[in-house]
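Read through the structure below, which is laid out as C-alpha cells, and then see the notes.
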Amino acid sequence: MKSIAALLARNQNRPWPDRPVRIALTITDLDVGGAERALVSLAKGIDRRRFDPTVVCLGGEGSLAKVLRESGIETICLGASPRRPIQGVSALARTFKSISPQIVQSFLFHANVSSRVAARFAGRPIVVGGMRVAEREKTWHVLLESLLSGLAAGSVCVSHGVWRFARFECRIPSERLVVIPNAIDPEPYDRAQPIAKTELGLPEDSFAAIYVGRLDRQKGIEHLLHAADIVIHEHPNWRLLIVGDGPERERVASAIESSATMRGRVLTTGRRDDVPRLLKTCEHLVLPSLWEGMPNVVLEAMAAGRAVIATNVEGSEELVVPGETGSLVPPGDPVALAGALSKAASDPAAIRALGAAARIRVGEFHQPRTIIQAYERLWASLLGLGYESSSEPENHL
C-alpha cells in the first residue's frame, strides 16, 4: 500500500462528497483503558457531516461498547479470541466487506495486525495503524509491526518517543509514520471534588502521592516501592496511594505487608472509577514506568491540576516539563525517584504551583477538538479531499 507520505503528496484537494465518508475504527477490545478511552473520545467527536464512523472491536462486549452506542455510533463486537487470529481476521474481513469503509484507523497491536491483513480481502481500504506504546517486552510485536508495515499506509504514533521506537527499533520507514498525541477533556477534572483523606485511610494532614495504573512490570512498581521505603524514613508523614490492578497485585500486597516501614503508609485500592476525585485528593501523581507511549494518567493528573513525578520515558518526557509541571527521573532508578519524591514532600507549596502550571499546559496543548481535527485532516488528505478547518462539527465532546 502507498505510504502516508506518498498519498499526502498527491495534494488533490477534491471537493467533499455528498455523503459522509465511511470510516472503520478498529480496536482489540473495549474494556476501560487508555487506548480504549482515546478511541471513544475520537469516535464521539468526529464531524458526522464529513465522516460516518463504525467502531469494530475484535473482542467481546466491553463496557465502553454501550457508551459508544448510546452516542449513536454503530459498534460491532466480533467476539474473536486472540488465540485464534485467523478466525478474527476472517470475521474482520467480512465486517469490512459489509460496511465498506474507505479508511480503516486501528488502535493497539492486535487490531493493527488484523486490520492490515483483513483489508486485503475487503476492497483494500486505506489502512492507518495506531502505535500507542514502545513495546519493549514482547519482541514478536516489534517483528510483526516491521514485517507487515507495508500492508498499511502507515501508523499514527502517539508521541515522538513512539515515533523513534517505530522508526529505529521496528524499522518502519519515516514516510509511513506521523505523530498525533493524546487529548484530555479537563471539564470532569475541573468539577471533581476531593475525597476526605480519612475515607481512604490516609491521615488528614499527610502528604500523599498517588499512582494510578496497571500493576505490572512495565509500570516499574517494584522501583516505586523501593523508593517509597526510602521516602518514608525521611518523611514519616508521607503516604502513597496505589490505584489499579494487574498481574503484580499479590506481589505488591506482599511487599507492603512484609515491610514495617510501608505497612499502613502505602495503601492499595484496586480499580476505582473515581480517579478524578482521587487525583484531587492527593498532592501529586507518581508514574515510575520503564517504557510508555503517552500515558493518559499523566494528562489526567495535569487536568486535575496536579504535578507529575515520572520517569523519562516515551510520552512522559513530552508531557512533563521539569521544574514547570513536575520532574523526570531515569527509569529503573529508585534512588533518583526517592529523591524527587522527597523533594516534593519537603515543599508542598512548590508542588501546588507546579500542578497549577500543569493544568494550564494541558489546556493549551491537548484539547480533544484539536486532536480530533488532526485525525480528520489526516484522513481527508489521504483520500485527496479538502478539509475546511473553519467548519464547525455538529457534535462536540
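Rule-based calculations on the coordinates, nothing more; no lab input. The shown structure was predicted, so the numbers you read here are calculated from the model rather than taken from an experiment. Cβ atoms come from the backbone with ideal geometry, glycine included; neighbour counts cover every protein chain shown.
When residues of segment 77-101 are filtered for being exposed (fewer than 14 other Cβ atoms within 10 Å of the Cβ) and not in a helix (DSSP H, G or I), how many remain?
Here the count works out to 6.
Would you pick out the residues in segment 330-356 that are among the acidic types (D, E) and part of a helix (DSSP H, G or I)?
Passing the criteria: none in range.
Based on what the data block shows, is L30 within 25 Å of the chain's Cα centre (by Cα), part of a loop (DSSP other than H, G, I, E, B) and in contact (Cβ under 8 Å) with a residue 40 or more places away in the chain?
Values: within 25 Å of the chain's Cα centre (by Cα): yes; part of a loop (DSSP other than H, G, I, E, B): yes; in contact (Cβ under 8 Å) with a residue 40 or more places away in the chain: yes.
Yes: the conditions hold for L30.
Condition (residue is surrounded by fewer than 18 Cβ atoms within 10 Å (Cβ to Cβ) and either free of Cβ contacts under 8 Å to residues at least 60 places away in the same chain or of a type in the set (S, T, Y) (or both)) applied to segment 297-316: is it met by at least one residue?
Taking segment 297-316 and keeping what is surrounded by fewer than 18 Cβ atoms within 10 Å (Cβ to Cβ), we get 312.
Checking which are either free of Cβ contacts under 8 Å to residues at least 60 places away in the same chain or of a type in the set (S, T, Y) (or both) leaves us with 312.
Within segment 297-316, one or more residues are surrounded by fewer than 18 Cβ atoms within 10 Å (Cβ to Cβ) and either free of Cβ contacts under 8 Å to residues at least 60 places away in the same chain or of a type in the set (S, T, Y) (or both).
State the number of residues belonging to segment 33-76 that are part of a loop (DSSP other than H, G, I, E, B) and either touching an Asp or Glu at 6+ places or on another chain (Cβ under 9 Å) or within 26 Å of E292 (Cα to Cα) (or both).
10
Could you check how many residues of segment 17-33 are surrounded by fewer than 20 Cβ atoms within 10 Å (Cβ to Cβ) and closer than 23 Å to G154 by Cβ?
Going through segment 17-33 one residue at a time, the tally reaches 2.
Out of V113, V127, V104, report the one residue that is within 23 Å of L378 (Cβ to Cβ) and in a helix (DSSP H, G or I).
Answer to the check: V113.
Considering only residues that are within 20 Å of the chain's Cα centre (by Cα) and closer than 13 Å to E283 by Cα, which ones fall in segment 326-357?
Selection gives G326 alone.
When the residues of segment 140-168 are filtered to those that are assigned to a loop (DSSP other than H, G, I, E, B) and surrounded by 19 or more Cβ atoms within 10 Å (Cβ to Cβ), which remaining residue is nearest to the chain's Cα centre (by Cα)?
Among those that are assigned to a loop (DSSP other than H, G, I, E, B) and surrounded by 19 or more Cβ atoms within 10 Å (Cβ to Cβ), it is V158.
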